[in-house]
1. How big, in percent, is the set of alpha carbon pairs in region 101-249 lying more than 26 Å apart?
2. Where the centre of each part is set by its Cα atoms, how far does region 14-53 sit from region 131-188, in angstrom?
3. Where Rh is the Kirkwood radius over the Cα pairs of the chain, the temperature 20 °C and the viscosity 1.002 mPa s, what D in µm²/s does Stokes-Einstein return?
4. Show that you can apply the helix-only estimate: for the chain, add -39,500 (n - 2.57) for every DSSP H stretch of four or more residues, divide by all residues, and state [θ] at 222 nm to the nearest 500.
5. If you fit an axis through the alpha-carbon atoms of helix 96-113 and take the longest principal axis of the Cα set of the chain, what angle between them do you get, 0 to 90°, nearest 10?
6. Compute the length gained on full extension between residue 97 and residue 182: take 0.36 nm times their separation in residues and subtract their Cα-Cα distance, giving the result in nm to one decimal.
7. Once the Cα atoms of helix 181-190 and of the chain are each reduced to a long axis, what angle between those two axes, in degrees from 0 to 90 to the nearest 10, is obtained?
8. In percent, how large is the relative contact order of region 2-248, given Cα pairs closer than 8 Å and 6 or more residues apart?
């Protein structure tokens, strides 16, 4: 099996960003996806470049922080404080052209600070809950020739129709109470039938900013410790699992 281990939320805070980069250097994390509206995005990109780390994709968001475009240009995407709505809801009537413009702006900002993103995914998997949002993300993937995460098996047909590359399998199970060493080994083993698997993770060093911007805090340090452990590295080697990036699919 070929395995991509992706650290989500690069750039959201300094602690998250440095934790992910250290997991890429010293653990089994092979990729990360960056939030261009994060508190530490620009500094994080410079740090990655200094370390020679280039497997970075984009973590598109409609549910955290402020948009890249001025709030007046995307009024249906933001609340009265100019922040994105915190979740995707049927009560929110998105203007999908505003969505397309904002997500494209996020990709363009990424390219201004780095290079081509290795792939696309979404914060809170926002495009798994709305077919129109999914279509926009896949259109942008096609436009920029970038693979994209497929968070739900039922969505794969849309990827195939659009000609967007993705992994055969995806798991988000390594999260919260499942963030243990034994659970991680069991999760990976359950997908041994897959040719390619993407495993989502959220390793981090905990800092003050993280408490301000996320409710998922303590488990991130646990994830970090597991992902850099000798035990998980030995498990990967003994199971003959090949660690890859989205560039390899």
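Nothing in this text is a laboratory measurement; each read-out follows from the coordinates by a stated rule. The model shown is predicted, which means the values in this text are computed figures rather than measured ones. Methodologically, a virtual Cβ is constructed for each residue, glycine included, from the backbone with ideal geometry; neighbour enumeration extends over all protein chains shown.
1. Tail fraction, whole percent: 35.
2. 21 Å
3. Translational D for this selection: 118 µm²/s.
4. Values: 9 runs with 98 residues, N = 249.
Helices in the chain give a 222 nm mean residue ellipticity of -12000 deg cm²/dmol.
5. So the helix axis and the longest Cα principal axis differ by about 50 degrees.
6. The span from residue 97 to residue 182 would gain 26.1 nm if fully extended.
7. Compared with the principal axis, the helix lies near 80 degrees.
8. Once divided by the residue count of region 2-248, the mean separation gives 26 percent.
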